[in-house]
Amino acid sequence: MTQLMLGFVISAAIAVLAYYKDALNTSGATTATVIGTIIYGFGGPMPFIILMLFFASSALIGRFNDTDAPMRGSLQVLASAGFGAYFVLRYGVSGHQYYLALFLVSLSVSTADTWSSELGRMSKTPSFHPFKLKPMTKGLSGAVSFLGLFAALMGSMVIALTGLVIIPDLTLFVVVIISGFIGALIDSWLGLVQVKFKDEHTARIEDNKTHTNVYHSGFKHLNNTGVNFLSNGIVVLIVYVLILSF
């Protein structure tokens, strides 16, 4: 109970700070507090530090890349860390270490995808279609760049390296790196079929709905948050099945 209370106090303080820094809106701050409390309360300080490493690095890169970056809401927070919180909760209840491994895999996917998306926008070379290799609008979901791919690999490596403190296993280290990178690729592939909008004035294709654009292509109910949730879920499911198979 003491650890849960400590987790709540620390998480709430960080969430409030993120709210006043315009990184999270009200629902996002509330959800982040719940997730942080679960991870600290059931996993202890180190999983919480890894969670904070993801959120802090993502916020920093986002602000550096775009000073008008939108605040994250509850669904975006859940898509990024919901699976991770669930696995830490399962670890706290059961004591099975493979749940911590799945936590690392989930955070690796989220970090790799976020770093890839944010740093990929800063690429000096054109973004391209992952299959057709044709040029695509920089920053548009589904587009990839060499800088973005490198950033995905670096993001997954950061989580894998810090994860060695929790589980000092070289095989898991490699699995976390590969999982994060593959998760970022899956996110790009799914991004190709997510909803897209076309600006009526500039004919520019965009991911988000505004008052100046209309539906253009893709699944209408699949947005970027849904893509993040699916790519994370697919990877952790695959790793979970592999863990049970060995």
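The values are calculated or read from the model by the stated rules, or taken from the named source; none is laboratory data. Note that this is a predicted model, so its numbers are computed, not measured. Please note: Cβ atoms are built from the backbone with ideal geometry, for glycine as well, and neighbour counts cover all protein chains shown.
Meeting the requirement of 3 or more residues that are closer than 20 Å to residue 164 by Cα, the helices (runs of 4 or more DSSP H) wholly within segment 1-112 are 26-43, 45-65, 74-94. Screening the candidates 188, 231, 141 for the property of being more than 21 Å from residue 43 (Cα to Cα), in a loop (DSSP other than H, G, I, E, B) and in contact with a helix residue (DSSP H, G or I) (Cβ under 9 Å, 6 or more places away or on another chain) yields one hit, 141.
Restricted to segment 160-185, and to residues there that are outside any helix (DSSP H, G or I) and of a type outside the set (D, E, K, R), the residue that is farthest from residue 243 (Cα to Cα) is 165. For segment 102-140, the tally of residues that are under 18 Å from the mean Cα position of the chain (by Cα), surrounded by fewer than 24 Cβ atoms within 10 Å (Cβ to Cβ) and small (Gly, Ala, Ser) stands at 1. Would it be correct to say that residue 55 is aromatic (Phe, Trp, Tyr), modelled with pLDDT under 95, in contact with a helix residue (DSSP H, G or I) (Cβ under 9 Å, 6 or more places away or on another chain) and buried (at least 17 other Cβ atoms within 10 Å of the Cβ)? Yes: the conditions hold for residue 55. Determine, yes or no, whether residue 128 is modelled with pLDDT under 90 and aromatic (Phe, Trp, Tyr). So residue 128 does not fit the description; no. Take the conditions (1) surrounded by 23 or more Cβ atoms within 10 Å (Cβ to Cβ); (2) within 22 Å of residue 71 (Cα to Cα); (3) β-branched (Val, Ile, Thr); residue 38 misses just one of them, which is (2).
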